[in-house]
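Heads up: the structure comes next, in structure tokens.
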Amino acid sequence: MSGKPRLTYVNGRGRMESVRWLLAAAGVEFEEIFLETRQQYEKLIKDGVLMFQQVPLVEIDGMKMVQTRAILSYIAGKYNLYGKDLKERALIDMYVEGITDLMQMILMFPFSPPEVKEKNIDSIKERATNRYFPVFEKVLKQHGQDFLVGNKFSWADVQLIEAILAVEEKIPTVLSGFPQLQAFKIRMSNMPTIKKFLQPGSPRKPPPDECYVETVLKIFKK
Amino acid sequence: MSGKPKLHYFNGRGRMESIRWLLAAAGVEFEECFLETKDDLTKLQKDGSLLFQQVPMVEIDGMKMVQTRAILSYIAAKYNLYGKDLKERALIDMYVEAVMDLNELLMTHVAQPADKKEEHFATIVDKATNRYFPAYEKVLKDHGQDFLVGNRFSRADVQLLETLLTAEEFKPDILAKFPLLQSFKARISNIPTIKKFLQPGSQRKPPLLEKDLPKVMKIFY
């Protein structure tokens with residue numbers, strides 16, 4: 001046993017990508033097992049390894065963790081990316097949850113029928129530019145610090161940079177009204193662990209394509 | 001200012017109910033401000049009181065907290081209902097997240113279109129009895145303790161009880177094959193703060209009836 005966390009998921013972003021981001025940002029090396037067939041998935045269920053018959057699964061510190069938020073909270077807590085006290089944690093949680101709502105739209109996008117895809121991009125753009133990005137633009141402007149919470153790098157910063165890049169892939173000009181977020185993006189991208197994760201050859205997964213969608217439907221569709 | 005947490009939501013369960021449960025279980029008195037019209041929501045949005053323009057919003061300890069999970073985590077930690085260390089918290093989080101997935105199914109049933117309701121109901125029963133309940137039954141069986149995590153009352157117990165009771169409202173015999181969940185339900189319901197919350201006149205809300213749905217939708221859409 002290597003001692004490294006071991007991630008089990010499809011070979012693509014999905015719900016596991018935020019976990020990859022957070023581990024990478026924390027400088028933690030991890031292994032990955034990719035589900036390619038339904039039989040593999042059914043074997044995991046039969047083996048009793050998936051508490052609620054779902055992935056993501058992360059084997060870490062002797063635990064077989066499931067439920068994305070539980071996994072992310074554990075990693076954040078373990079690697080000191082969760083603020084210094086209860087109030088900072090509350091802020092981080094609020095920010096992360098808001099960003100996760102935005103990311104949910106991105107997550108579901110590949111699975112929406114072709115006729116509503118354009119409308120969905122518009123919704124993502126609307127929510128990003130009217131609801132979520134203005135909040136973080138204001139947070140950064142008001143305290144003038146490099147990081148979202150407590151003048152210290154946290155889970156919230158990782159989640160935000162992931163979201164910014166994901167939205168930009170769909171709407172390249174989305175940050176045009178947000179100078180603070182533009183600077184934030186550059187700053188975060190230059191942090192050594194994140195810079196490494198953004199380079200080719202890292203565990204970062206490419207944007208979902210038709211092959212990814214097909215694989216997911218094949219493995220998980222009931 | 002009373003010092004008590006103040007909850008902003010419509011007068012119904014929705015996403016605020018788990019928060020009411022947790023505060024009540026922790027023995028914390030709270031006030032409620034009910035949104036009745038779209039104007040009530042708009043006013044809060046214009047005030048800058050809602051970080052992402054949404055409710056639930058809970059005023060607590062000088063913060064205007066939004067995002068259900070953030071609020072629940074804060075309350076749980078503040079009132080020592082979040083385990084004794086990181087690993088217990090991890091277990092609690094796993095259990096709670098799955099309970100919330102099931103609760104989401106239950107919560108969204110009333111808003112399903114008529115032609116999808118029967119299938120949705122079947123999905124609820126299937127997931128509850130084949131995915132979620134067996135997992136918690138096994139947890140209780142494996143350690144034989146009264147509470148889900150660390151032999152101590154936590155938010156996991158509160159949230160599971162809430163969802164068990166809601167599931168029973170859907171299908172009264174839904175716990176038939178789960179003897180440990182039945183005794184868990186009885187045991188946790190008898191905890192004094194929870195017993196009080198389960199009595200008439202408490203701040204616990206009734207299930208949303210289909211006839212009341214349009215009024216609620218008008219607030220948000």
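The values are calculated or read from the model by the stated rules, or taken from the named source; none is laboratory data. All figures in this text were calculated on a predicted structure; none of them were measured in a lab. Here the Cβ positions follow ideal geometry from the backbone for every residue, glycine too, while neighbour counts run over all protein chains shown. Keep in mind that these areas ignore ligands, DNA and RNA; they rest on the heavy atoms of the full protein, side chains included. Shrake-Rupley method; radii C 1.70, N 1.55, O 1.52, S 1.80 Å.
Figures for the structure shown
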quantity	calculated
Two-site label geometry, A:LYS43 and A:GLN182: point separation in nm, points 7 Å out along Cα→Cβ	5.1
Residue-averaged [θ]222 nm for the protein assembly as shown, counting only DSSP H segments that reach four residues, each worth -39500 (n - 2.57)	-16500 deg cm²/dmol
Length gained when the stretch B:LEU198-B:LYS215 is fully extended (0.36 nm per residue, less Cα-Cα span)	3.5 nm
Nearest-0.05 FRET efficiency for A:CYS211 and A:PHE111, computed from C-beta distance (R0 22 Å)	0.95
Nonlocal Lys pairs with alpha-carbon distance under 18 Å, region B:86-190 (8 or more apart, or different chains)	13
Among beta bridges that DSSP assigns inside chain A, antiparallel share in %, nearest 5	60
Residues in region B:185-221 that a label on B:VAL110 would reach, taking backbone N under 14 Å of a point 7 Å out along Cα→Cβ	B:204-220
Among beta bridges that DSSP assigns inside the protein assembly as shown, antiparallel share in %, nearest 5	60
Charge dipole (debye, nearest 20) of the protein assembly as shown; +1 at Cβ of Lys and Arg, -1 at Cβ of Asp and Glu	480
Shape category assigned to region A:86-191 from the gyration tensor of Cα positions, a/c cut at 1.5	prolate
Rounded Å value of the spacing that divides the Cα centres of region A:179-222 and region B:1-47	37
Average beta-carbon neighbours from other chains, 10 Å sphere, peptide B:64-71	5
Other protein chain Cβ atoms within 10 Å, averaged over every residue that makes up B:48-56	3
Pairs of alpha carbons in the protein assembly as shown whose separation is greater than 41 Å (percent)	14
Lysine pairs meeting the criterion (Cα under 21 Å, 8 or more apart or interchain), as found in region A:86-191	15
Most positive-pole-ward Cα, B:VAL125, B:MET94, B:ALA111, against dipole of region B:1-157 from beta carbon charges	B:MET94
Alpha-carbon spread of chain A, three principal axes, descending order, Å	52, 44, 31
Angle between chain A longest axis and helix A:133-143 axis [Cα atoms, degrees, rounded to 10]	50
Crossing angle, helix A:114-127 versus chain A [Cα axis fit, 0-90 degrees, rounded to tens]	40
Largest to smallest principal axis extent of the C-alpha atoms in region B:100-154, angstrom	44, 20, 12
Overall form of region B:41-120 per C-alpha gyration tensor (a/c, 1.5; a/b vs b/c)	oblate
Magnitude of the charge dipole, chain A, Cβ model with Lys/Arg +1 and Asp/Glu -1, debye to 20	220
Förster-model FRET efficiency, 22 Å R0, B:LEU180 and B:GLU88, C-beta, rounded to 0.05	0.65
Region B:95-186 - percent of accessible surface contributed by carbon and sulfur, probe 1.4 Å	53
Span-like helix ranges in chain B, DSSP H, alpha carbon extent 24 angstrom or more, Kyte mean at least 0.0	B:86-108
Distance in nm between pseudo-label sites at A:LYS84 and B:ASP173 (7 Å out along the Cβ direction from Cα)	5.9
q = 0.10, 0.13, 0.16, 0.23 Å⁻¹: log10 I(q)/I(0) that the Debye formula gives for region B:86-190, counting C-alpha atoms only	-0.27, -0.46, -0.67, -1.28
Ordering of A:199-209, A:175-185, A:156-166, B:57-67 by burial proxy (mean other Cβ atoms within 10 Å per residue, highest first)	A:156-166, B:57-67, A:175-185, A:199-209
